[in-house]
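Okay, so here's the structure we're looking at.
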Amino acid sequence: MRVFTDLSSLPVFSNAVITIGSFDGVHLGHRRILEQVQSLAENTGGESVVITFDPHPRAVLRPEDQDFKLITSTAEKIALLGEIGIDNVVVAPFSRAFANQSAESYVSNFLIALFHPKYIVIGYDHRFGAGREGDISYLKKMERSGGFEVVEIPAQEVDEITISSSKIRKALEAGDVQLANRLLGHPFSFTGNVVEGNRIGRTIGFPTANLEVEEPYKIQLQEGIYAARVGQQPAALYIGSRPTLSPNGKRVIEVHLIDYEGDLYGQELRVEVLDFIRPDKKLDDLASLQQQISADKAEILNRLPSLQHSGGQQSFLSPITYYAPADSPSGLSDAHYEIAIVILNYNTRRHLEQYLPSVVAHSAGAAIVVADNGSPDDSMAFLQEHYPQVRLLDLQQNWGFAEGYNRALQQVSADYYVILNSDVQVSPGWLEPVLEAMKADPGLAIAQPKILAWRPGAGPLQPEEPYQFEYAGAAGGWIDRLGYPFCRGRIFSQREQDLGQYNTRQECFWAAGAAFFIRAELYHKFGGFDGDYFAHNEEIDLCWRLKRAGYRVECVPESVVWHLGGGTLEYENPRKVFLNFRNSLYSLLKNESWSKLLWLIPARLVLDGLAGARFAAKGQFQAIWAIVRAHFSFYHNVPDTLKKREQVAQSIQQHKIGPENLKGVYPGSIIIAHYLRRLKKFSEL
């Protein structure tokens, strides 16, 4: 990253995507804007440029304001922006003369002349120029003559950033460091120079470095003892007036580096504050002080494991990456997004390396979250190094697809979730058509894009040979009256070529879990996926529950993605056969009427037996055993499934918006249609 503090020495930026603001704290709310700036820069082959000011405008325009405090100094802010991956930071000197220039001068002589922006990403309430005469409307009027395009940050997002900043300051002042750090997405820190002290700490076995913080507007923590870190060294931080040693002493900041030996005088230390231990208090004598410090040290070392993940490093590995155990509060839950793309990962670095670039490039404005199911490979290290803009959740063990998403989505606050496989490549503009459809129709609960089979070179350009539809979802999932799923574009293993025959939006019965859009509120109201499914058919079950409550499921083919298919588990893998057959029976028992189940379950036993005979004909004997195990597992778990059936019925009754929606149900048997009538295409049904 390049940093410029002299406006007269700025380079000529290439396709600059600029944003302007104080970005105090560079917290999670700011990062949504910064990710949008980075995405626009990547899409246009340009450079991301953050313009900030020093001194802070408020310090210049309202010097009498004693309540004005900053979370980060300018130097700390620059470091955080660098770790995020911003290309350029310009620290513009702020003065009354700068503030008093006209709006026209600000735009023409500052923004256009110095930066030649392609995009200006700015909040709806941004004001500039003498008397604050300039605003976003003024900027938009200048778009054509200035050769730039304004990207407005919505009011809701700007307000959330303001609220987050206030929450962080209040939390720090109250000593709630963990809350502040979750909102920041990184540890609160400060920088100080080590100065000469009275050396009393050495006499009782706890040498401390006395710090002098020169930033006059830096927010001050309340007095007390804190768990901290200097570099990778665990530390005890003390802030107070040392009442045991000097009743009328001045406030000091001291840090004891645990198990560290060395001379720190004259050095500049950056202290990351991890947790509040206790308030300051007066003790009887030095012996009592020594005993208390020993207890504080033990408490800090005891708490450290809860502040770090496996591998011994802190949870906050870098300022943009949030890396937290699934059972701990996540910083993600404190930031709210309109849309969050959540990718569940298990041991698939190769897929992330191949397909994640398209998601990052074509998902401007969306939060991208990778939730890891305890992968033994280096997936997380790869993401930390190469994709700092992606948020990370460590689920610590393999919960499977269904329960893994349940645990991940508990920690992600958004209006819409996109559940996306790690082996999916997306196209430019893939989010917008689906979101527009869902926003226009409150009854549309779940949707999917058109899903094509990935092949090398897959992309939006028209290929010489048409793509095939992908097995998992194609152009929308259907189900027959016996509970067997199929798709527009795929019947059993027979897949069609995409010739535009399914390019119209159509309501379907289920959407593919490979690229699954759902209203977040409904995901949680209806209990999410059934975790006992582990993987496969969980999306059909969830869609079925929502359809029973009167909601709609739709394929929006204007949105296109390419799915590798079988990238995580091959289609005829015995484990997959077991899960598909067992979970299909689970869904029937949970959702079908009793009158139908009386004949359907025996019929399925016969039909699944015929499927086993077909596997036998192909010599796939492990698949036969998988079907047998699936039925035994289903019958064994009937009591538990019946309890779920009751819970599902109660949930549907509580949240229904209309009668059961049967769109997407084929009234006949897809087995008869395909194997006896020899129909190979959905359009032939």
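Coordinate-derived values only; no laboratory data. Keep in mind it's a predicted model, so treat the numbers as computed, not measured. Cβ sites come from the backbone with ideal geometry, for glycine too, and all protein chains shown count toward neighbours.
Results, tabulated for the structure shown:
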{"item": "Ranked packing of 336-348, 164-176, most packed first, by mean Cβ within 10 Å", "result": "336-348, 164-176"}
{"item": "Alpha-carbon Debye profile of segment 2-163, log10 I(q)/I(0) at 0.09, 0.15 Å⁻¹", "result": "-0.27, -0.81"}
{"item": "Loop GluC sites (Glu not before Pro), segment 56-123, which have at most 10 other Cβ atoms in a 10 Å radius of their Cβ (DSSP)", "result": "Glu64"}
{"item": "Student exercise, segment 174-307 dipole from Lys, Arg, Asp, Glu Cβ charges, in Debye to nearest 20", "result": "240 debye"}
{"item": "Segment 129-187 versus segment 11-60: alpha-carbon centroid distance in Å", "result": "11 Å"}
{"item": "Order of Arg678, Arg455, Arg545 under a 10 Å beta carbon neighbour criterion, fewest first", "result": "Arg678, Arg455, Arg545"}
{"item": "Over segment 499-589 - Rg/Rh using Cα atoms and the Kirkwood inverse-distance radius", "result": "0.98"}
{"item": "Protection proxy ranking, peptides 19-25, 511-517, average beta carbon neighbours within 10 Å, highest first", "result": "511-517, 19-25"}
{"item": "MRE, 222 nm, helices only [DSSP H, n ≥ 4, -39500 (n - 2.57), over the chain, to nearest 500]", "result": "-10500 deg cm²/dmol"}
{"item": "Prolate/oblate/rounded call for segment 423-684, Cα gyration tensor, a/c under 1.5 rounded", "result": "oblate"}
{"item": "Scaled radius of gyration (Cα, divided by 2.2 N^0.38 Å) that segment 1-54 gives", "result": "1.16"}
{"item": "Percentage of interatomic Cα-Cα distances in the chain larger than 51 Å", "result": "23 percent"}
{"item": "Folded to 0 to 90 degrees: helix 400-409 orientation relative to the chain principal axis, Cα", "result": "40 degrees"}
{"item": "Stokes-Einstein D in µm²/s, Kirkwood radius over Cα pairs - segment 363-437 at 4 °C with 1.567 mPa s viscosity", "result": "94 µm²/s"}
{"item": "Rg(Cα) / (2.2 N^0.38 Å) computed for segment 50-91, rounded to two decimals", "result": "1.31"}
{"item": "Entries of Lys590/Lys663; Lys547/Lys643; Lys439/Lys663 with Cα pairs more than 26 Å apart", "result": "none"}
{"item": "Whichever lysines have a C-alpha closer than 22 Å to that of Lys297, once near sequence neighbours (fewer than 8 apart) are set aside", "result": "Lys281, Lys282"}
{"item": "19 Å Cα-Cα reach of Lys576 towards lysines, excluding residues that sit fewer than 8 places from it in its own chain", "result": "Lys618"}
{"item": "Kirkwood hydrodynamic radius of segment 443-501, Cα pairs, Å", "result": "12.5 Å"}
{"item": "Sparse-neighbour loop sites [trypsin sites (Lys or Arg not before Pro); segment 607-672; at most 13 other C-beta within 10 Å; DSSP]", "result": "Lys618, Lys663"}
{"item": "Segment 597-668: equivalent-ellipsoid semi-axes (sqrt of 5 x gyration tensor eigenvalues, Cα, Å)", "result": "32, 17, 10"}
{"item": "Segment 174-307 - convex hull of the alpha-carbon atoms, volume per residue in Å³", "result": "112 Å³"}
{"item": "Residue-by-residue Karplus 3J(HN,Hα) for segment 17-33, coefficients 6.51, -1.76, 1.60, Hz, glycine and proline x", "result": "10, 10, 9, 10, x, 7, 6, 5, x, 6, 8, 4, x, 4, 5, 5, 5"}
{"item": "Two-decimal ratio, segment 321-422, of alpha-carbon radius of gyration to 2.2 N^0.38 Å", "result": "0.95"}
